[in-house]
């Protein structure tokens, strides 16, 4: 089983690990190019607006981007601090569940492409919808790289896709893998209207589901098991659809 997560724009600062290293494979070389370009561009006038950084935090985030190559690191599951990761609550996972998370979870990133849950990453901010000079929009930059590297990373088991739409655009499963990748939506009930995706409860629920999946002993091999796991942690239910699984908060 693999679990695909988006990152979060919110990140914890600091870290005690050494700076990120870049391999000489396709992924490593692409990461190096992106990190070098981001660190350079973050010092340019107008970078905050181009990178869509909020005014209240732009100065600190540009500073983090400028030194991203030499910054200390921490595991991705601890670096990311948004709503999905509140629901996952990795810091309080039991050791066995944390090992399963490190093995199962892959986190998509506008800067790094995709990182393992236990892989150490520095603080940074680069949305996948942002563009860097010389590289273009990051989702398009990463698409051919991820097409090349993800099949081997995913293996042949069930892949539970909890990514948001921006990060889903970085990689779409090829025809031969579509039956392996299960896309999950989380819908909220609305008075007098059909259930719909509402950002905060959807993100929190995806984090809770990811936590339940890595806490659960035994493999997940069938889509219906996702609905069963969701009900066991208090979800209202769900159903299989042509595109994957819809869960109801």
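Quick rundown of the values:
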item: Any hit, region 158-176, residues being surrounded by 13 or more Cβ atoms within 10 Å (Cβ to Cβ), on the phi < 0 side of the Ramachandran plot, over 17 Å from the mean Cα position of the chain (by Cα) and in a helix (DSSP H, G or I); result: no
item: The one condition in (1) at pLDDT below 95; (2) out of contact with any helix residue (DSSP H, G or I) (no Cβ under 9 Å at 6 or more places or on another chain); (3) farther than 23 Å from residue 170 by Cα that residue 55 fails to fulfil; result: (2)
item: Only one of 84, 121, 149 that is assigned to a helix (DSSP H, G or I) and buried (at least 22 other Cβ atoms within 10 Å of the Cβ); result: 84
item: Pair list, Cβ < 8 Å and 6+ apart or interchain, from region 221-235 residues that are on the phi > 0 side of the Ramachandran plot and surrounded by 12 or more Cβ atoms within 10 Å (Cβ to Cβ) to residues that are part of a helix (DSSP H, G or I) and at pLDDT 95 or above; result: none
item: Residues located in region 41-81, provided they are touching a strand residue (DSSP E or B) at 6+ places or on another chain (Cβ under 9 Å) and either surrounded by fewer than 16 Cβ atoms within 10 Å (Cβ to Cβ) or in a loop (DSSP other than H, G, I, E, B) (or both); result: 50, 51, 67, 68, 69, 70, 71, 72, 81
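The values are calculated or read from the model by the stated rules, or taken from the named source; none is laboratory data. A quick note: this is a predicted structure, and the numbers were derived from the prediction, not measured. All Cβ positions, glycine included, derive from the backbone under ideal geometry; neighbour counts span all protein chains shown.
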